[in-house]
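Please read the structure below before turning to the comments.
The values are calculated or read from the model by the stated rules, or taken from the named source; none is laboratory data. Bear in mind that the values here come from a model prediction, so they are computed numbers and not experimental data. FYI the Cβ positions are ideal-geometry reconstructions off the backbone, even for glycines, and counts take in every protein chain you see. For the accessible areas, the whole protein counts, side chains as well, though only heavy atoms, and no ligand, DNA or RNA atoms are used. Shrake-Rupley method; radii C 1.70, N 1.55, O 1.52, S 1.80 Å.
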Amino acid sequence: MEYNHIEIEKKWQRFWKENRTYAVTEDPSKEKFYVLDMFPYPSGAGLHVGHPLGYIASDIVARYKRLKGYNVLHPMGYDSFGLPAEQYAIQTGQHPAITTEQNIQRYRTQLDRIGFSFDWEREVRTSEPSYYKWTQWIFKQLFNSWYNLDLDKAQPIHSLTQIFEKDGNLNIQAACEDIDTFSAAEWNSWDETQQEKVLLNYRLAYLADSWVNWCPALGTVLANDEVKEGVSERGGHPVEQKLMSQWSLRITAYADRLLEGLTQVDFSESLKEQQRNWIGKSKGASVRFTVNDHPLEIEVFTTRPDTIFGVSFMVLAPEHDYVDEITTTENVAAVREYQKATAARSERERQTEVKKVTGEFTGAFAIHPFSGKKIPIWISDYVLASYGTGAVMAVPAGDQRDWDFATHFNLEIPPIFENTDISESAYADKDASLVNSDFLNGLDHTTANEAAIKKIESNGIGAGKINYRLRDAIFSRQRYWGEPFPVYYEKGIPKLLSDDQWVTLPDVDAYLPTEEGEPPLARANKENWNVFQGDRMEYNTMPGWAGSSWYFLRYMDPHNQGDFASKEKMEYWNQVDLYVGGAEHAVGHLLYSRFWTKFLYDLGYISFDEPFKKLINQGMIQGRSNFVYRVKNSNQFVSFGKRKEYDTVRLHVDINLVKDDILDIENFKKWRPEFAEATFVLEDGRYVCGSEVEKMSKSKFNVQTPDLVCDEYGADALRLYEMFLGPLTDSKPWNTSGISGVTGFLKKLWRLFHNENSVFISSDAPSEDELKVLHRTIQKVESDILRFSFNTVVSNLMIAVNELTALKCNNASVLKDLTILLSPYAPHMAEELWSKLGMEGSVSSQSFPAVDEQFLVEDSFTYPVSFNGKMRFKIDLPSSLSKEEIETEVLAYGKTSNYLNGQDPKKVIVVPKRIINIVV
RNA sequence: GCGGAUGUGGUGGAAUUGGUAGACACGCUAGACUUAGGAUCUAGUGCCGUGAGGCGUGGGGGUUCGACUCCCUUCAUCCGCACCA
């Protein structure tokens, strides 16, 4: 009987839908398991075969866990706000919601064909008002909170104002902007506007003028993680620094907890390392240097307070506030010039010209806090305004950049390390003891560091300090297609809407900025807003990562109208047990959702402070591109082997026009009008294309869609093949020719249940051999799933089918268990076979078969016999033999003497059930 | 420059704690069958060699009875960060 994947897959997909097979509800009597995929942005291009890789793996785990009796939450949804739909809207005038809806429909069709066990009744879309209402609600909570460093947690803002009313801010330890102290009397004397301004410095969501990454091409600001190598991650447009009034989230308050939390979660080492680097914690001290003839103090941050006697100059960032004040008249022209030049350079130029040493002397001097020496103050763009205090104490003996600067400008390089050579470069290692360093002389790095900090503190010129690279996250985007803020303005002061009010995206006449450069929402008239208060509404929208920072919670209770999710349901489903997704979200999405989780935990809404217990990054599936070679300035194409005889240009060719690297010339001519008259230089009568493995993308014409694979081979084959390709976490090229291996396996499996015309299953008792195959397979399949080794599970299923075929097994009880083993991987065929076995209902509601150990023991073992570690022959021995008996048997064996050459063996190593090694 | 990961047949890959390197597939070779198919089955397939045998997990060295696996060193590729004081 033929195996017809089209019919079978349609049939069971309909069955699952009609029977709500994968719908799940909270059930306290069952242990829960939460398997989550990173939800996709529904792009216009649809899914290619790389996208489902992670979904298939997580689906297998979800199905396996169900068979093991867990109550499994396995939802899917869409991260449906985003730039592409908006860009399309700008070009065509079509509302992005329409484009988004169409794309979602396409995604859904594609996903449904692959046979996932998602509970679609829990679908969420970040662009749905019923969803982003709660994103706004979380923003309100952030706005209404401050971070109490004494308790190391976020607290409602009213607890702060109560303290202000009683004591001012004198005793407050808060994560906030640099702010002058004020008394209770002062606080109480201020009007509301003044109080609000002060409070903004404490709120976890705050409006402030900040230096932002402005991308003119996209017309919006970008967060640091959205900028790669000085250009925008999306589109690769230039990015410049601009001072703008923006909403920010005070993620820096959580820097240490985000770092600490990494020890609690099971993420890959490289991912944790990326987050650690991003947070960039460094320990050191802040020290204040007084400026000669000025009432100013310059604060610096250093990780090497032990090297303070090596300071021979100071460097400020060109943007530093004090530069204008301290620069002397003789130097002011050159300094201005330098500042201008720095400002004109883009972020990218600054990054690429790292090696060039530039700077200007301000003419001013600082006073060394211990030696009292006058040290010159310079400016240079190697000091970043955005890190630390924007100023450094330069220690050329110990820091290469300072050394380069000193050497370039002929500044002093005082030696402070014993027995080190600093004539060629700085000595940055921490293993030398100090000299020329007053009270630090003779001390090693660690001791000196402590001593220096102590002295700095006792002299009142600074303190030990921890610094972070992490910046607060800019939370405004000057775009249309994102969450609007629940904020209005009154006299320039931002105010929250009341608890029961929230904003829906207003209609606008165009999705572009206004002529005054205001964001698109500024185009909305008063009547376009569902809520309008104060002088105006907030025109910015939230960034793409807002909705994705908490979506895993909404899945737990997606239809809740009165709450972002009910406390009981969140308590039941709790953390995500397994999260599968791409590594590109390492520092963006994952850091933000960890931050929001900790925040919601602080306010008592949830009982866990890490969202994802375990995370797996699936590898990328690369495409295999094909190329044709066109002779320059002609319409002649040369076959791969002869291309070097001509001056050619390599062009991507659609892989659908190529089979086994041979070009379909007729269809190639029809592909594009300019190729209609093309001529070809062939080899062996054929046109051979070149090939290369590269990223799958439309522009490279190498995209493989899952739809096509499902049409030709079926969803089960697609699922099996994606897993069979290799370890989940590895990147690997997609190669369609290998898929015949898994279809062969499915057909072979099908034949176990059928003869030529019909189902052919025996109800006899299974044989010992059949049971051995079965139980060995159960054991292998289960242990491999548990270590996420999905490719070897497929191999083991293949081995089982090969062996059962050899045994001519058509035994119902063996095949029943085999079908359950198969069902997470090839659910459609498993359902079909399950019903052919005469069983009722869905195979997914069965129990995973248990291993019976008695079928795993073998009564004999084939020992490989090695001489000096080289395997020479094998010998079959009963498993029951002791080491000594095995040794006797082997030495008495005929072949052994051949390899001994008459010598006595020096030593015989016997590892039972492993190996015998004879040392000669 | 710093950090992380990875190097195994013609190809994708396997080898759970150091114990038969190359499972399972693709591809290839030869054959069988045939209602000619992208079907099925049989045998073979790491490299060199007719053979016995030798060599083999990027290279070099080491530990061990025994190393893809552990240690040192070196090279290559990919990814991330990059003037972070």
Of the peptides A:528-534, A:778-784, A:89-95, how do they stack up when ordered by the mean number of other Cβ atoms within 10 Å, highest first? A:778-784, A:528-534, A:89-95
Tell me, what is the FRET efficiency for A:SER423 and A:THR358 to the nearest 0.05, using R0 = 35 angstrom and their Cβ-Cβ distance as r? 0.90
Which trypsin sites (Lys or Arg not before Pro) from the stretch A:600-649 combine a DSSP loop assignment with at most 11 other Cβ atoms within 10 Å? A:LYS632
Taking a crude spin-label model, label points 7 Å out from Cα along the C-beta direction, the A:ALA45 to A:GLU712 distance in nm is 2.0
Would you mind working out the accessible area per residue for the stretch A:860-919, using a 1.4 Å probe, and quoting it in Å²? 65
In nm, what is the difference between 0.36 nm times the number of residues separating A:GLU165 and A:GLU186 and their Cα-Cα distance? 6.7 nm
What are the GluC sites (Glu not before Pro) within the stretch A:293-349 that DSSP puts in a loop, where the Cβ has at most 12 other Cβ atoms within 10 Å? A:GLU330
Separation between the A:LYS748 and A:SER731 pseudo-spin-labels, each 7 Å from Cα along Cα→Cβ, expressed in nm? 3.3
Accessible area (Å², per residue) of the stretch A:621-694, counting only protein heavy atoms and a probe of 1.4 Å: 57
For the stretch A:621-694, the percent of accessible surface on carbon and sulfur atoms (probe 1.4 angstrom, ligands and nucleic acids excluded) is 43
Residues in the stretch A:803-842 that a label on A:ALA23 would reach, taking backbone N under 18 Å of a point 7 Å out along Cα→Cβ: A:841-842
Aspartates and glutamates near A:LYS874 by alpha-carbon distance under 15 Å, same-chain residues fewer than 8 away left out - which ones? A:GLU887, A:GLU889
Residues of the stretch A:736-855: accessible area per residue with a 1.4 Å probe, Å²: 41
Can you give me the % of accessible surface on the stretch A:860-919 that is carbon or sulfur? Probe 1.4 Å, all protein chains present, nothing else counted. 48
Per-bin percent of Cα-Cα distances, chain A [10 Å]: 2, 9, 15, 17, 17, 16, 12, 7, 3, 1, 0
State the extension gain, in nm to one decimal, for the chain segment bounded by A:TYR387 and A:LYS30, taking 0.36 nm per residue of separation less the distance between their alpha-carbons. 123.5 nm
Return the distance in nm (one decimal) between the two label points of a simple spin-label model at A:PHE680 and A:LYS228, each offset 7 Å from Cα along Cα→Cβ. 3.7
Using the charge dipole of chain A (Lys, Arg: +1 at Cβ; Asp, Glu: -1 at Cβ; taken about the Cα centre), state which of A:ASN213, A:GLY562, A:TYR131 has its Cα farthest towards the positive end. A:TYR131
If you roll a 1.4 angstrom probe over the protein chains with everything in place, what fraction of the accessible area of the stretch A:736-855 belongs to carbon and sulfur, to the nearest %? 49
How high is the relative contact order of chain A, in percent, counting Cα pairs under 8 Å that sit 6 or more residues apart? 13
Between A:GLU490 and A:LYS698, how high is the FRET efficiency from 1/(1 + (r/R0)^6) when r is the Cβ-Cβ distance and R₀ = 51 Å? Nearest 0.05. 0.60
So for R0 = 51 Å, FRET eff. of A:GLN102-A:LYS281 from the Cβ-Cβ r, to 0.05, ends up at 0.65
For the stretch A:632-738: relative contact order, % (alpha-carbon pairs under 8 angstrom, 6 or more apart): 28
If you add up the charges near A:GLU568, with Lys and Arg at +1 and Asp and Glu at -1, over every other residue whose beta carbon is less than 12 angstrom from its beta carbon, what do you get? -2
Positive end of the charge dipole of chain A (Lys, Arg +1 and Asp, Glu -1 on Cβ, about the Cα centre): tell me which of A:ILE761, A:THR777, A:TRP12 has its Cα farthest that way. A:ILE761
Percent of beta bridges antiparallel (DSSP, chain A, rounded to nearest 5): 80
Run the numbers for A:ASP500 and A:GLU457: contour at 0.36 nm per residue of separation, minus the present Cα-Cα distance, in nm. 10.5 nm
Between the stretch A:844-920 and the stretch A:547-592, the alpha-carbon center distance in angstrom: 53
